[in-house]
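First comes the structure, then the notes that go with it.
The values are calculated or read from the model by the stated rules, or taken from the named source; none is laboratory data. All of these numbers come straight from a predicted model, not from anything done at the bench. Every residue, glycine as well, gets a Cβ built from its backbone with ideal geometry; the counts of neighbours run over all protein chains shown.
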Amino acid sequence: MSPTQPNAFEVLCQTRTRPVVTAEFPSFDGGTLDDIRAAAEKLAPWVDAINVTDNPAAHAHASNTAMAIALTQLGFNPILQVVCRDKNRLAIQSDIVGVSMFGVQNICALTGDDVTAGDEPEARRVYDLDGPQLIKVASIMGTGMYLSGRKMKSVPHLFVGAVENPTAPPLEYRAERALKKVEAGARFLQLQIHYRPEQLEAFIAACVANGVAERAAILPTVCLTKAARALSFMNDSVPGISVPAATIERVTTSADPKEESYQLVRELAEHALSLPGVAGLHITDFRHDDSVRRLTEDLAIGPRFEEQHAHSA
Amino acid sequence: MGGLLPLIEHGIKKPVWDCRMCGQCVLHSTGMTCPMTCPKTLRNGPCGGVREDGHCEVVPEMRCIWVKAHDRSQHMPFLPRSWREEFDHLRPPVNNALQGQSSWLNLMNGRDRVTPPGWAAAEEHA
Ligand code: SF4
């Protein structure tokens, strides 16, 4: 990847010639470059970019920067997630300039789950910057300087985005918060996993009304799971995700919970993609089978369907 | 900075707003709700972890301070309109060097509005 030219994900977020598809890379706790390659090869044919997470749910894993560099060197296109929880502004800036030298361009800024969500709740939480401030700092770095105003040796090409949660209170404020992030420099928004289509719909409509949908590529997120247990777990333990009891019930009482879990996600994804103002889809996968492929094929989205869209356009 | 002023300021603001003496007060723009009482010390609105009932991700028995701030910035009587509108402004990163100082003094001498040059340059750009 050329460090100075926009990458395919950025181009697609801007041109929107077909739905953009991104997916989350699994966390690593050791292994080799070959393991990373194998995991990336399973996802890459179906998606436009791969998110590397930053100590998700406040659990330590192989670092976001190491994974992003590895993916880039192996020829894949990563989105570097950066959370505010673990590092101060100096460390975050050095991470961003460091990965940019390896050709990593896509940065996704998050506030981050609190340390209390993880397995080391006694850790010090940092939050020296908050989410919107981090977006702005990354955008400033994209002009070739640090927050202090000190110039870098070269201007890194950065494509900055963020996350917003369409289903967390105060619901009526979330689109305004998305606008604040766009004004700070976010050009794509990957949304938090949701199980409330009506809330997503209201959020997207508000984002169309206030211009967010035009200025940033909005990618709602669906989460591939295997059983009702995963849904209950998310509802009870993952900050910011609530799953309606009826949805859990639907999977529990079905004859084939695994298939029903898939169909549920497929419906949520179809609904999300049908909303005007939605630019694509972000997929998290806890099934670890071939469901990412199945979902993108069933929905006819992703790089494999480039041709078809070119013809129908 | 030592002196009497920080003591007086804290004496008044602590009991009313649980003031943390960040030295760069933004209470007026946050519905008179101190953002430094958010466990993540967020200055720009609620995180994505707010619970369905509007309570805090970190402290479940506490109402999210940003849910409270949003509510108050809209509905609190006698709040000037410009203060309500400022709710949506992007507040710059906290200047940790001002911690413990009197924000009243920093307001008067303008020190609370000084942002890092990179931030200021981007503002001019926008
Ligand atoms: S839920 Fe509200 S008070 Fe709690 S950490 Fe998030 S923004 Fe702060």
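When segment B:42-58 is limited to residues that are touching a Lys or Arg at 6+ places or on another chain (Cβ under 8 Å) and near the ligand (Cβ under 8 Å from one of its atoms), the one that is farthest from residue B:71 (Cα to Cα) turns out to be B:58.
Within segment A:38-75, the set of residues being among the β-branched types (Val, Ile, Thr) and closer than 18 Å to residue A:110 by Cβ comprises A:50, A:52, A:53, A:65.
Residues in segment B:61-85 that are more than 16 Å from the ligand (Cβ to nearest atom) and surrounded by fewer than 16 Cβ atoms within 10 Å (Cβ to Cβ): B:74, B:75, B:76, B:77, B:78, B:80, B:81, B:82, B:85. Scanning segment B:68-90 for residues that are part of a loop (DSSP other than H, G, I, E, B) and at negative phi turns up B:76, B:77, B:79, B:80, B:87, B:88, B:89, B:90. Of all the numbered requirements in (1) modelled with pLDDT under 95; (2) crowded, with 16+ Cβ neighbours inside 10 Å; (3) of a type outside the set (Val, Ile, Thr), residue A:266 misses one, and that requirement is (1). Annotation: of all residues in segment B:68-89 being more than 10 Å from every other protein chain (Cβ to nearest Cβ) and acidic (Asp, Glu), the one that is nearest to residue A:130 (Cα to Cα) is B:86.
Within segment A:174-185, the set of residues being surrounded by 24 or more Cβ atoms within 10 Å (Cβ to Cβ) and more than 25 Å from residue B:95 (Cα to Cα) comprises just one member, A:174.
Give segment A:179-197 a look and list any residue that's of a type outside the set (A, V, I, L, M, F, W, C) and farther than 10 Å from residue A:164 by Cα, or say none.
Within segment A:179-197, the subset of a type outside the set (A, V, I, L, M, F, W, C) is A:180-181, A:183, A:185, A:187, A:190, A:192, A:194-197.
Hits for segment A:179-197 are A:180, A:183, A:185, A:187, A:194, A:195, A:196, A:197.
Among the residues making up segment A:160-172, those that are surrounded by 24 or more Cβ atoms within 10 Å (Cβ to Cβ) and either under 22 Å from residue B:124 (Cα atoms) or within 8 Å of chain B (Cβ to nearest Cβ) (or both) are A:160, A:161, A:163, A:164, A:165, A:168. Of all the criteria given as (1) within 16 Å of the ligand (Cβ to nearest atom); (2) touching a Lys or Arg at 6+ places or on another chain (Cβ under 8 Å); (3) touching a residue at least 40 places away in the same chain (Cβ under 8 Å), the one not satisfied by residue B:39 is (3).
On the basis of being away from the ligand (no atom under 16 Å from the Cβ), surrounded by fewer than 16 Cβ atoms within 10 Å (Cβ to Cβ) and within 14 Å of another protein chain (Cβ to nearest Cβ), does residue B:123 make the cut? So that I can check it myself, show each step before the final result.
Details: away from the ligand (no atom under 16 Å from the Cβ): yes; surrounded by fewer than 16 Cβ atoms within 10 Å (Cβ to Cβ): yes; within 14 Å of another protein chain (Cβ to nearest Cβ): yes.
Yes.
Among the helices (runs of 4 or more DSSP H) confined to segment A:200-306, the ones with at least 2 residues that are more than 18 Å from residue A:190 (Cα to Cα) are located at A:228-237, A:245-252, A:257-274, A:291-299.
Just to be sure before I move on: is residue A:192 surrounded by fewer than 24 Cβ atoms within 10 Å (Cβ to Cβ) and more than 24 Å from residue A:51 (Cα to Cα) in the structure I sent?
Numbers: surrounded by fewer than 24 Cβ atoms within 10 Å (Cβ to Cβ): yes; more than 24 Å from residue A:51 (Cα to Cα): no.
For residue A:192, the condition - surrounded by fewer than 24 Cβ atoms within 10 Å (Cβ to Cβ) and more than 24 Å from residue A:51 (Cα to Cα) - is not met.
For segment B:32-67, how many residues meet the condition of being in a helix (DSSP H, G or I) and more than 10 Å from chain A (Cβ to nearest Cβ)? Reasoning before the result, please.
Just the residues of segment B:32-67 that are in a helix (DSSP H, G or I), to begin with: B:35-37, B:65-67.
Going one step further and asking which of them are more than 10 Å from chain A (Cβ to nearest Cβ), we end up with B:36-37, B:65.
The number of residues fulfilling the criteria is 3.
Elements of the type helices (runs of 4 or more DSSP H) sitting completely within segment A:31-148 and holding at least 1 residues that are acidic (Asp, Glu) and buried (at least 19 other Cβ atoms within 10 Å of the Cβ): these cover A:89-100. Given the condition under 30 Å from residue A:57 (Cβ atoms), within 13 Å of chain A (Cβ to nearest Cβ), assigned to a helix (DSSP H, G or I) and not basic (Lys, Arg), answer yes or no: does some residue in segment B:19-27 qualify? Among the residues of segment B:19-27, not one is under 30 Å from residue A:57 (Cβ atoms), within 13 Å of chain A (Cβ to nearest Cβ), assigned to a helix (DSSP H, G or I) and not basic (Lys, Arg), which makes the answer no.
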